[in-house]
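Working notes, structure below.
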Amino acid sequence: MRLAMFSDNFHPELGGIQDSILASARELGERGHRIMLFAPAAAPQDYARANLPVAEVELGGNVTIQRVPSLPVPSSSQQSRLVMPTGRCRRALAQFRPDMVHSHTFLGLGLEALWAARQLDVPLVGTNHWAIGAFDFHAPLGRATVRRYSLRAVARYYQCCDWVTAPSHSSVEEMMANGLARPCSVISNPIDTGRFRPVNTATKQALKARFGLGMHTIVYAGRLAREKSIDVLIHAFAAVCTDRTDATLVLAGHGSARDALRALADRLDLGSRVRFTGTLSHEALAELLAATELFAIASTSETQSMVLLQAMACGLPVVGARCGGLIEHIPPTTGLLAEPGRPDDFREKLGWLLGNQSAREIMGAAARQFSAAFSIAKIADAWEDVYRRLMRDAVLEARRPNAGP
């Protein structure tokens, strides 16, 4: 199968969307599918923010990456780019002749994907990775109005697709509540369950020594952004420290909120007990997760959270906000849910887990088992099923007596 993918969010930008597309494209390419992936051209500083060399990511011989001229736009990752839909993809598409178009965006390259599917008369799959309503705080005035119209605009875009997916039921239901009436399914973002896995006690202690961590370490990884509500975790952690003088909070990643979060930790007199590691490679992140006791995420903008699943794959119990996609990806056997924006509730949950090793072990084992359903191979199977179903439907439609020329 020849598959054209489009995304405004791509390497080297930090984020779960980017990691999901990379993993899926690489796996599908290894299965023999030909993929042309259209993504924004990045600037050297975008690679520098992620501690990466200025080089194209390698996805195998069956995957070709087409970089499209783009403009920098303000974002919490400080790496975001926007493509203006000017038809620059058309020559490459005409030569590639895809059987299917898959859009991972509703912005500039999403419009290019929509044009491509219509002009080439091939099926269009649309995946919504964004809980767009959670970003209404960026609107200076009329947040409720901005939220309402942005949700409707997203639903209108995906109404143009032949099949729509999202990583969580809550995301699909949100689109349907705002007018989406197309065939839908929930397909998770994939995680590398071979790389992200538990380690034995000796290895864990060695990793703790290497990272300089104590016996009660909480970790968060991802963008350091306002919508991630990391300030809630820092306030909760400050309260935890009144009972546990050996506790450590590690924040891995980069983003526009880093300086404000560092200043908050200093104001709360937490000093080195809050550690900022910067952005880590997947290898280093897997080691950091394996060296800690539990994962915490207070975000209110998640459709799923790949790093949550990566932590669970490492055998960590989790504490997350009772919001959006986190609710369905933190079952009671694997962790605890706290009320969004409530440091006192997060403090209670975090403190209880830090003080209960047997509960951590039981929940960690359940988390590892739960995460197995999100392996790269299983998610690629789900994509192949959707693609083949649409291809079969397209062939049947073309054979109808009244079908067009």
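The values are calculated or read from the model by the stated rules, or taken from the named source; none is laboratory data. Model, not experiment: these values are computed from the prediction. For neighbour counting, all protein chains shown are included, and Cβ atoms are generated from backbone atoms with ideal geometry for every residue, glycine included.
Structural remarks
- Filtered residue count, the stretch 152-179, keeping only those that are under 19 Å from the mean Cα position of the chain (by Cα) and either farther than 27 Å from Phe374 by Cα or not assigned by TED's automatic domain parsing to the domain that holds Val125 (or both): 0
- In summary, Leu337 fulfils each of the numbered conditions (1) under 20 Å from the mean Cα position of the chain (by Cα); (2) buried (at least 23 other Cβ atoms within 10 Å of the Cβ) with the single exception of condition (2).
- Of all the numbered requirements in (1) exposed (fewer than 13 other Cβ atoms within 10 Å of the Cβ); (2) within 29 Å of Glu302 (Cα to Cα), Ala55 misses one, and that requirement is (2).
- Candidates Gln95, Gln66, Gln45, Gln79: the one that is in the same structural domain as Tyr157 (by TED's automatic domain parsing), touching a helix residue (DSSP H, G or I) at 6+ places or on another chain (Cβ under 6 Å) and surrounded by fewer than 21 Cβ atoms within 10 Å (Cβ to Cβ) is Gln66.
- 3 or more residues under 15 Å from the mean Cα position of the chain (by Cα): qualifying helices (runs of 4 or more DSSP H) within the stretch 253-329: 306-313, 325-329
- Pick from the stretch 348-366, criterion assigned to a helix (DSSP H, G or I) and of a type in the set (S, T, N, Q), ranking: nearest to Thr333 (Cα to Cα): Ser358
- Restricting Leu109, Leu114 to those that are surrounded by fewer than 22 Cβ atoms within 10 Å (Cβ to Cβ), assigned to a helix (DSSP H, G or I) and either hydrophobic (A, V, I, L, M, F, W, C) or in contact with a His (Cβ under 6 Å, 6 or more places away or on another chain) (or both) reduces the list to Leu114.
- Residue in the stretch 216-225 that is in the same structural domain as Gly255 (by TED's automatic domain parsing) and either at positive phi or loosely packed, with under 15 Cβ neighbours inside 10 Å (or both) present: yes
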